[in-house]
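Encoded as structure tokens, the structure appears first; notes follow it.
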Amino acid sequence: MIMSTIKQLNNILVYTKLNPKSFSEKIGLARPQAIYDIQKGKTKNFSHAMINKIISVFPEFNKSWLLTGEGEMLIEKEKTTSTENLIKEDLKDRCKSLEESVRLLKQENELLKKIIDLTNRIYFLENSKHKSKKRSD
């Protein structure tokens, strides 16, 4: 069954728990007039630009449903969940990689401190030997 754009909009507003003005602000419309025009039946369909704005803020909406009024309002939960899971896994991997980089940098820092300390000791010993030779001469 094809749903009218007015019913689609009402379903969207119920789902998002927003009024027309808040919804228009949320999707980035300069003014809510386009939403009011749909509610009053002046505008018969969502424009492609508006659909893109809706999808950019609410990716769970089915673009085909917004275009035609047919099918399900929301995309399959599994698809959004699997995408979210992939993103989470990628972020976990990146975090692990960053943690490993930090660990290696700390090790490197400790080694550099030891090298500096040893260099200072060698310098001190060399200077001490040099000063001792001068005194004995």
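The values are calculated or read from the model by the stated rules, or taken from the named source; none is laboratory data. All figures in this text were calculated on a predicted structure; none of them were measured in a lab. No Cβ is skipped: glycine too gets one built from the backbone with ideal geometry, and neighbour counts run over all protein chains shown. Side chains included, ligands, DNA and RNA excluded: accessible areas come from the protein's heavy atoms. Shrake-Rupley method; radii C 1.70, N 1.55, O 1.52, S 1.80 Å.
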Using unit Cβ charges (K, R positive; D, E negative) and no other charged atoms, how large, in debye to the nearest 20, is the dipole of the chain about its Cα centre?
820 debye
With contacts defined as alpha carbon pairs under 8 Å and 6 or more residues apart, what's the relative contact order of the chain in percent?
17 percent
At 1.4 Å probe radius, can you tell me the per residue accessible area of the range 1-116 in Å²?
73 Å²
State the Cα centre-to-centre distance between the range 1-29 and the range 60-131 in whole Å.
39 Å
Roughly speaking, what is the stretch gain from Asp90 to Leu112, that is 0.36 nm per residue apart minus the C-alpha to C-alpha distance, in nm to one decimal?
4.7 nm
Rounded to the nearest 500, what is the 222 nm mean residue ellipticity of the chain from helices alone, with -39500 (n - 2.57) per DSSP H run of 4+ residues and division by all residues?
-25500 deg cm²/dmol
Could you point to the label whose value was computed as Cα extents along the principal axes in Å for the structure here, given [x] 52, 33, 25; [y] 38, 33, 28; [z] 108, 33, 23?
[z]
Which percent of the accessible area of the range 10-137 is formed by carbon and sulfur heavy atoms (probe 1.4 angstrom)?
56 percent
Burial-style ranking of 83-90, 42-49, average other-beta-carbon count within 10 Å with highest first, yields 42-49, 83-90
Quick shape check on the range 1-43: root eigenvalues a ≥ b ≥ c of the Cα gyration tensor, a/c under 1.5 is rounded, otherwise prolate if a/b tops b/c, else oblate, and it reads oblate
